[in-house]
Amino acid sequence: MRVFGALNALWETFRSIFPLTAALVVIQLVVLRRPIENIKEFVIGFLFSVLGLHFFLQGVSMSLLPIGDSVGSNLVILERKWIIVIIGFVIGYFATLVEPALKALALEVEEISIGAIPNKVLIHAVAIGFGSGMAIGLFRILNGISYLKIVIPLLFLVIILAFFAPEQFVSIAMDSASATTGPVNIPINMALAIGLAKVIEGVDPLLAGFGVVGLTSVGAIISVLALGILTRI
């Protein structure tokens, strides 16, 4: 039964990747009428993609989600709320540093800007914003603050900063926020927030536990815009 379950999970992963791959192949061969340069390498790469995604998803469900939920559920044993907020910042910060999508974006930005925006500077700036958003999210859960009371002022701050930041940083900030919502950050931070919301008395996990990812994205936008303003100064 365990072997059958593993094969079924692998098949589901294959089914999720195959349509996109097939569409790209059809566009390349039929619409654009261009050959696939190295078919052998393409096939091997596709198989690696299936296996890699499959093992990653299994690993997330076996490790990141349970440990994130456990840490969130046990944070309430800390009597000082500010310590919980700092822990949220630290987890958000370090999780962002290993986000593969953000690394790819930062390398592209460095290449296009001819080194004017170093990839490490951008990554750490985004990580600071993401960690700050995570800290704000946990602070909101701990104090029962309405989501709108937090997000609306932050969005106004984004608009104000966008007027003063260089135009290229506005676009980079938007893409950076999207790049943080990847396979590393989402499982850890959502599990942490929901785990914390589940054990706080009188808090609805459905209302309080969600929305953290949005705050982290807004935090990333703010930090990159602030970086742009600093480079202009």
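The values are calculated or read from the model by the stated rules, or taken from the named source; none is laboratory data. This structure is a prediction, so every number in the text was calculated from the model and none was measured. Because the Cβ atoms are built from the backbone with ideal geometry, glycine has one as well, and the counts that use them run over all protein chains shown.
Numbers at a glance
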{"item": "Among (1) polar (S, T, N, Q); (2) within 16 Å of the chain's Cα centre (by Cα); (3) surrounded by fewer than 23 Cβ atoms within 10 Å (Cβ to Cβ); (4) modelled with pLDDT of 80 or more, the one test that Gln168 misses", "result": "(2)"}
{"item": "Among (1) more than 30 Å from Gln58 (Cβ to Cβ); (2) in a helix (DSSP H, G or I), the one test that Asn189 misses", "result": "(1)"}
{"item": "Residue within segment 56-64 that is in contact (Cβ under 8 Å) with a residue 12 or more places away in the chain, touching a Phe, Trp or Tyr at 6+ places or on another chain (Cβ under 6 Å) and not assigned by TED's automatic domain parsing to the domain that holds Ile117 present", "result": "no"}
{"item": "Evaluation of Gly182 against (1) part of a helix (DSSP H, G or I); (2) within 20 Å of Pro100 (Cα to Cα) (one fails), failing number", "result": "(1)"}
{"item": "Matching residues in segment 57-93 - criterion: being loosely packed, with under 14 Cβ neighbours inside 10 Å, farther than 18 Å from Leu138 by Cβ and hydrophobic (A, V, I, L, M, F, W, C)", "result": "Met62"}
{"item": "Verdict on Gly45 being of a type outside the set (A, V, I, L, M, F, W, C) and within 30 Å of Val199 (Cβ to Cβ)", "result": "no"}
{"item": "Residues of segment 140-177 satisfying the condition of being without any contact (Cβ under 8 Å) to a residue 40 or more places away in the chain and assigned to a helix (DSSP H, G or I)", "result": "Leu148, Lys149, Ile152, Pro153, Phe156, Ile159, Ile160, Phe163, Glu167, Ser171"}
{"item": "Matching option when the condition is over 10 Å from the mean Cα position of the chain (by Cα) and surrounded by fewer than 24 Cβ atoms within 10 Å (Cβ to Cβ), among Leu207, Leu225", "result": "Leu207"}
{"item": "Residues that are under 17 Å from the mean Cα position of the chain (by Cα) and farther than 17 Å from Glu99 by Cβ, drawn from segment 115-136", "result": "Ala135, Ile136"}
{"item": "Helices (runs of 4 or more DSSP H) (entirely within segment 48-129) containing at least 2 residues that are within 30 Å of Val203 (Cβ to Cβ)", "result": "65-74, 81-97"}
{"item": "Residue pairs meeting the criteria (Cβ under 9 Å; at least 6 apart or on separate chains; first farther than 22 Å from Ala177 by Cβ, in segment 192-217; second charged (D, E, K, R) and in a loop (DSSP other than H, G, I, E, B))", "result": "Ala197/Asp204"}
{"item": "Evaluation of Ser70 against (1) among the hydroxyl-bearing types (Ser, Thr, Tyr); (2) in the same structural domain as Val218 (by TED's automatic domain parsing); (3) closer than 29 Å to Ala191 by Cα (one fails), failing number", "result": "(2)"}
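This table checks each residue for (1) touching a Cys at 6+ places or on another chain (Cβ under 8 Å); (2) within 29 Å of Glu110 (Cβ to Cβ); (3) crowded, with 24+ Cβ neighbours inside 10 Å.
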residue: Gly137; (1), (2), (3): no, no, yes
residue: Thr181; (1), (2), (3): no, yes, no
residue: Glu201; (1), (2), (3): no, no, no
residue: Val213; (1), (2), (3): no, yes, no
